[in-house]
Amino acid sequence: MGERHRDAPARLWPVYGVPVDGGRLVPSALFGRDVPLILEIGSGMGEATADMAAADPDRGYLAVDVHTPGVANLLATIEERGLANVRVVLGDALDLVRERLAPDSLDAVHVFFPDPWPKARHHKRRLIQPAHVALLRSRLVPGGTLHCATDDTGYADAMLAALGADPGLANANDGFAPRPAHRPLTKFEQRGIDAGRRVHDLVFVRS
Ligand SMILES: C[S@@+](CC[C@H](N)C(=O)[O-])C[C@H]1O[C@@H](n2cnc3c(N)ncnc32)[C@H](O)[C@@H]1O
């Protein structure tokens, strides 16, 4: 951890951190006002979360990741940029969704560049798979969006199949989506592009 983050978790966690366990979360308790809620799964270093939240101050962003240095970076970024609409969870996204997020409560779910687990024997570890899609969809409000992006072609096809097969979701596009202007470019994505990987976006709407 760099100097910038050394004391960030202890100091900022009580302000912006949200435990992965507990009762149902409501935006008014998280943000002090009743805003539409966006869930950012696997926020990594938090660059995209911070940029999107800064550009979208009337919605609340709940970022979740299992990676402590990334969560520490996001906590420090929230403070540096004075973001009032970001809260952070350290823990497993599916535990958070099951336990703390009510059905019909999310305006959008973002899953940007989840770990691809390219080997067939590891596919069961993928975040986007039919049972998890059904869970995430159940937490969206009708008309809410599930937006995924990946630079792994095999995972992109599997995502398209899993999302397309869910009875409660409709594809907002014919196949993959054009890159939405509101999804910021992260260092992770840039590294993939530099390595020649193609990025696929998928945008599905809860019916
Ligand atoms: C490849 S990184 C992408 C990070 C970021 N979305 C970006 O685009 O730069 C995937 C992230 O998902 C996180 N992750 C993996 N499994 C997770 C889980 N079950 N719950 C929450 N985060 C998870 C990892 O810790 C990692 O930070």
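The values are calculated or read from the model by the stated rules, or taken from the named source; none is laboratory data. This structure is a prediction, so every number in the text was calculated from the model and none was measured. Glycine gets a Cβ as well: all are built from the backbone with ideal geometry, and neighbour counts include every protein chain shown. All accessible areas refer to the heavy atoms of the entire protein, side chains included, with ligands and DNA or RNA removed. Shrake-Rupley method; radii C 1.70, N 1.55, O 1.52, S 1.80 Å.
Worth a mention:
- Split the accessible area of the chain by element, probe 1.4 Å, and carbon with sulfur accounts for 55%.
- Counting only alpha carbon atoms, the long axis of helix 130-139 and the longest principal axis of the chain meet at about 50°.
- Gyration tensor verdict on the stretch 62-133 (Cα atoms; rounded if a/c is under 1.5, prolate if a/b is larger than b/c, oblate otherwise): oblate
- Peptides 69-75, 152-158, 200-206, ordered by how many other C-beta atoms sit within 10 Å of their residues on average, highest first, read 69-75, 200-206, 152-158.
- Antiparallel bridges, percent of DSSP beta bridges restricted to the chain (to nearest 5): 30
- Degrees separating the helix 68-81 axis from the principal Cα axis of the chain, which is the longest one: 60
- Where only C-alpha atoms are counted, convex hull volume of the stretch 13-86 per residue in Å³: 85
- Summing charges over all other residues whose Cβ lies under 13 Å from the Cβ of Pro142, with Lys and Arg as +1 and Asp and Glu as -1, gives +1.
- In degrees, nearest ten, helix 153-165 long axis to first principal axis of the chain (Cα): 80
- Each Lys and Arg contributes +1 and each Asp and Glu -1, all at the Cβ; summed about the Cα centre of the stretch 23-107, the dipole is approximately 240 debye.
- Mean projected area of the Cα convex hull of the stretch 42-189, taken over all directions, amounts to 8.8 nm².
- Sorting 138-148, 182-192 by average packing, meaning the other beta carbons within 10 Å per residue, from highest down gives 138-148, 182-192.
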